[in-house]
Every structure is written in structure tokens, then in C-alpha cells.
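Just below is one structure, and these are the notes that go with it.
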Amino acid sequence: MKQFVPVSAVLALALAAGTAAADEAQIAVAANFTAPMKTIIQMFEEDTEHTVKASYGSTGKLYAQIENGAPFEALLAADQKRPELLEKEGVAVPGTRFTYAVGTLVLWSAEPDVVEDGEALLKSGDFNKLAIANPKLAPYGEAAMQTMDALGVKAALEPKLVRGENIAQTYQFVDTGNAEVGFVALSQVMQDGQITKGSGWIVPGDLHEPIRQDAVILDKGKDSAAVTALFAYLKGEKAQAVIHDFGYETE
Amino acid sequence: MPLSETDLEAIVLTLELATVTTLILFLVGTPIAWWLSRTRSRWKGPIGAVVALPLVLPPSVLGFYLLVTLGPNGPVGWLTQTLGIGLLPFTFWGLVVGSVLYSLPFMVQPVQNAFEAIGERPLEAAATLRASPLDRFFTVALPLSLPGFVTAGILTFAHTVGEFGVVLMIGGNIPGVTRVASVQIYDYVEALEYGEAHRLAAVLLVFSFLVLLALYSWRPDHTRK
């Protein structure tokens, strides 16, 4: 008991000091945004008193976890649908939802010189497999389907489609050469504004709906200073520069 | 609430995959189990460990290795392409290869245990009666270790039905070719179609329970002797 008292006193002091200034945000982040988010969190923790604990996963899984009481205070989703749903269900704080990044779709091959004129390549169907993210689950997959639809090649390419459960797995299919080409996220193949490996064709934005990724503050985070600060930070210039570097656009 | 056509397609495919995998593993696993149960070689330890690896490796790791090895830049991919078979990922037989590796310990270990439980004496007795090694294996070892084979067969089948990670990694989710029941359920959950997910999951749950019930109710009678 004698040892316990000082420890708990220190703990209480630490907690009191903690709530006064620094705070910890516990957030859920869509897997495709893992790399930029890690950089942003590092900068955010240097620039502010706060700390961030992030869990990365597919938006569908994170959504199910939030519905079932996961302790997340904010969600950075891969789409708009799930944050909207959470808002409607009263799990998210109204008015906090915003588009933090807009994804860019690219037709990509791990081999150089394979993808030059992407449109002509899709029309010729001159490849063994075309990998896409599952359109039912992933916004990038949905955009890929819209693109093929717009080019009038959807039916012809259907037998060549292989579906990754998410955009990371789709990238793996193409990167290992098992699928010669695939629709992946520009953020996966770009570094400092350049496609670093293989060959790619950036799909013109008018061929599909924009891939808007929304963030929203959840009920559990409505009084968190760290979450509020993080959301402000995401809209700031420093974070936006990181987001652009990773091949996303912002609004 | 009837299951949809795609659900039935996924279930049929799952059962096909489990059946083919189990049959192949009877052929592949039995000699391995026999060797492991009889050998005094210093390779027994390492080979036993390799056989058990799928028990501890995350399926995502196994699946990723398979994707790389079976792919066009991997050794197996090079071999299958040279032989004119083409590439295995995204095909039914690719899933079979993955499942055989993934379920290997579930076949080998029960059979090995059964072989070891026979001991040397029945085989030596048969040998003194001039039974050839092959004869001894088929007329003495096999019948005596039948319970082990039943256990191994059921476990392998059930484990393949429940397989998910490996299929996800090398399957490519093609309806009727590589979209098995567990992947279908995952899709439903991810797409927030919880009703459909529950329905198919219930089928799988009941099926798995019945299979294991059969296993556990069957075993005592034969082990009691």
C-alpha cells in the first residue's frame, strides 16, 4: 500500500497535466492512406503537443468496428459513403465531414513500356489479366469499372478481370507480374511526383466519378482537443503538401 | 430465406476444392507421414518442422509467397509456363496447390501419429511371415491406422472449407473459379450486406459443426478398442 500511494499520486498528476495541454487522438484510417498519414502524424506530433494512435484497415471493416463500439474518435475513410452513413446513424458529429483527399486512378504495369497509350491498350485487350480492386468494396475498383464502361470495353474485358479485395492487394497482383496490368492508385506507384516503377497511364478524370475520401469526427471524439487539432492540421498547407506528394489531389 | 445463385456457386466451388485437396493430400501426405513415423534420419526434425509450418505461418504470408513463387517471375511460375500449363494464380488448380500446402499438417500429423502408435511389433511379426514391405504397409499398417486416416481426412476437408487468407491472396475473386464461400462472406461483410453475410455464415457454421461433431462422436469407439 505504501508503494501504491505515491505511484497513484504521480499517475493522477500526470493525467491532470495530460488533459490540460496534450491529448491523444485515437483514429481509424483507410489502408490506402497509410503512408501519407504516417508522415502527417509524425509532423503533427512534432508541431503540436498532441499524440495520435492510428489503426489502419479497410473502410468496410473499420465501419463495422465503429458500429460495434470501437474506441475510435475519428475516421479517415476511403470513400464518402461510409462517413455519410455514420453521420446519418448519429455515430458521427454532424458538420465535421470533409474531403481530405481525392484519389487518382492509374492503369499500371510492373514492366516498363507496357502501358503507353492506356486507352488503346484497354481496347486491344492485349494482356493476360487485368487486376482491379473489388468494385463492390473499393472506390478505386468502382472508378475502374466506370472507366472501362466509358471506353466501351467493359464486356470485352470481363473475362480477364481479377479482383483484389482492396487496392493494396490489387497492386500486389500487378507488382508480382501475375496480372500484366491493373488499375491501381497513383499514390501506390508515385514518389515525388514521378511514377517510380514500371509503366502507367493516368486515367483522365472525366472517365470516372472523382474518388473522394472523406473524414469525419466520431461521437467518442467530439470533446477531444487532439482530434479537433488534427482535423485542422489536415486542412493546412503542410499536410496538403504531403497529400499531393503521395499522388492525391485535394479540394 | 433461400441462398442466392452466387452463394450456391461459391458453396459448390468450396466443396469441390476441399474434396480435390483432401484426395490429393491422402496421396501426398501418407508417404510423408509414413517416412516421418519410421525414419531415424537426422532430417526427421527439419522435415517435420517444414510440414508443420502452415500451422503457425499467417495465411497471408503463405499466400504472398505462393503469389510470388507461382507468378511469372517465380521458379514454379517459370516451370508451369515452360510446361505449357500457364500460370497458376487466379485458377482453380492454383487454389488446389495453395490448399494442399496449407492443409498439409492436418493430413500428415494425425496419420503420422497413427503410424507411430502401431509400433514395430505388428510389422515385425508380419515380416517374419514373409510379408514384403509393401504388403506390410497395405495389409498391416493401413488397416491399423484407419482411425488416423479418418481424422486426417475430416480435418483436412474442414480446414480447406474454412480456408480464407491463402485463397484471398492467390485467387483473384473470380466467380465460379476462385470465389469460395469464405471469400463471398468477406465480400458481404465489407460491403455492409450483413443480412447476406449472416445467411451464408450460418450455413458454414452449421456445416463445420456437423463435420466436427461427426469427428468427435466417431473417434471414441475406435480408440477404445
Counting only DSSP beta bridges with both residues in chain A, tell me the antiparallel percent, nearest 5.
55
Summing +1 per Lys or Arg and -1 per Asp or Glu among the other residues with Cβ less than 14 Å from A:Ala150's Cβ gives -3
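Take peptide B:43-56, look around each residue's Cβ out to 10 angstrom, count Cβ atoms belonging to other protein chains, and average those counts. Don't jump to the answer; show the numbers that get you there.
Values: counts 0, 0, 0, 0, 0, 0, 0, 0, 0, 0, 0, 0, 0, 0.
Going residue by residue through B:43-56 and averaging, the value is 0.
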For the full complex of protein chains and a 1.4 angstrom probe, list B:Arg40, B:Arg199 by accessible area with the highest value first.
B:Arg40, B:Arg199
Amide H of A:Thr250: which non-local residues (sequence gap of 5 or more, or other chain) have their own amide H closer than 5 Å, using H built in the peptide plane?
A:Val102
Interface area, B with A, accessible, probe 1.4 Å, both sides summed, Å² nearest 100:
2000
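How many percent of the alpha carbon pairs in chain A exceed a separation of 31 Å?
32
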Ordered by residue, what ³J(HN,Hα) values in Hz, to whole numbers, does the range A:245-250 give under the Karplus form 6.51 cos²θ - 1.76 cosθ + 1.60, where θ = phi - 60° and Gly and Pro are x?
4, 8, x, 9, 9, 10
Check which residues have an amide H placed less than 5 Å from A:Leu130's amide H, if you skip close sequence neighbours.
A:Leu161, A:Val162
Note, ³J(HN,Hα) from phi for the range A:127-143, Karplus 6.51, -1.76, 1.60, rounded to Hz, x at Gly and Pro:
7, 6, 9, 10, 8, 9, 6, 3, x, 6, 10, 10, x, 5, x, 4, 5
Whole-number D in µm² s⁻¹ for the range A:105-202, Kirkwood Cα-pair radius fed into Stokes-Einstein, 20 °C, 1.002 mPa s:
167
Quick check: the distance between the Cα centres of the range A:40-59 and the range A:69-127, to the nearest angstrom?
20
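Which order, highest average first, do A:124-131, A:242-249 follow once you tally other Cβ atoms within 10 Å for each residue and take the mean per peptide?
Highest mean packing first, the order is A:242-249, A:124-131.
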I'd like the accessible area for A:Asp149: 1.4 Å probe, protein heavy atoms, all chains in place, Å² to the nearest 10.
90
Mean Cα-pair separation over length for chain B, i.e. relative contact order, pairs under 8 Å, 6 or more apart, %
30
Can you find, among B:Pro59, A:Ala156, A:Val181, the residue farthest towards the positive end of the dipole of the protein assembly as shown? Put +1 on the C-beta of Lys and Arg, -1 on that of Asp and Glu.
B:Pro59
When ligands, DNA and RNA are left out and all protein chains stay put, how many square angstrom of accessible area per residue does the range B:5-224 have with a 1.4 Å probe?
50
Per residue of the range B:120-127, in order, report the coupling 6.51 cos²θ - 1.76 cosθ + 1.60 (Karplus, θ = phi - 60°) as ³J(HN,Hα) in whole Hz, putting x for Gly and Pro.
7, 4, x, 6, 5, 4, 5, 5
Roughly how much of A:Asp206 is accessible, in Å² to the nearest 10, using a 1.4 Å probe?
130
Residues other than A:Lys129 with Cβ under 14 Å of its Cβ, Lys/Arg counted +1 and Asp/Glu -1, net out at -3
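Hey, can you find the accessible area per residue of chain A for me, probe 1.4 Å, expressed in square angstrom?
Computed with neighbouring chains in place, this is 45 Å² per residue.
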The farthest towards the positive end of the charge dipole of chain A, of the residues A:Thr196, A:Ala101, A:Val91, given +1 on Cβ of Lys and Arg and -1 on Cβ of Asp and Glu, is A:Val91
Sort B:Val56, B:Val203 from largest to smallest accessible area, using a 1.4 Å probe on the heavy atoms of the protein chains.
B:Val56, B:Val203
Accessible carbon and sulfur surface of the protein assembly as shown relative to its total accessible area, %, 1.4 Å
61
Sequence-distant lysines (8 or more away, or on other chains) whose Cα lies within less than 20 Å of A:Lys129:
A:Lys154, A:Lys160, A:Lys197
Roll a 1.4 Å probe over the protein heavy atoms and report the accessible area of B:Val161 in Å², nearest 10.
10
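The values are calculated or read from the model by the stated rules, or taken from the named source; none is laboratory data. Fair warning: this is a prediction, and the values are worked out from it, not measured in the lab. Don't worry about glycine lacking a Cβ; one is built from the backbone with ideal geometry, like all the others, and counts go over all protein chains shown. Ligands, DNA and RNA are excluded from the accessible area calculation, which covers all protein heavy atoms including side chains. Shrake-Rupley method; radii C 1.70, N 1.55, O 1.52, S 1.80 Å.
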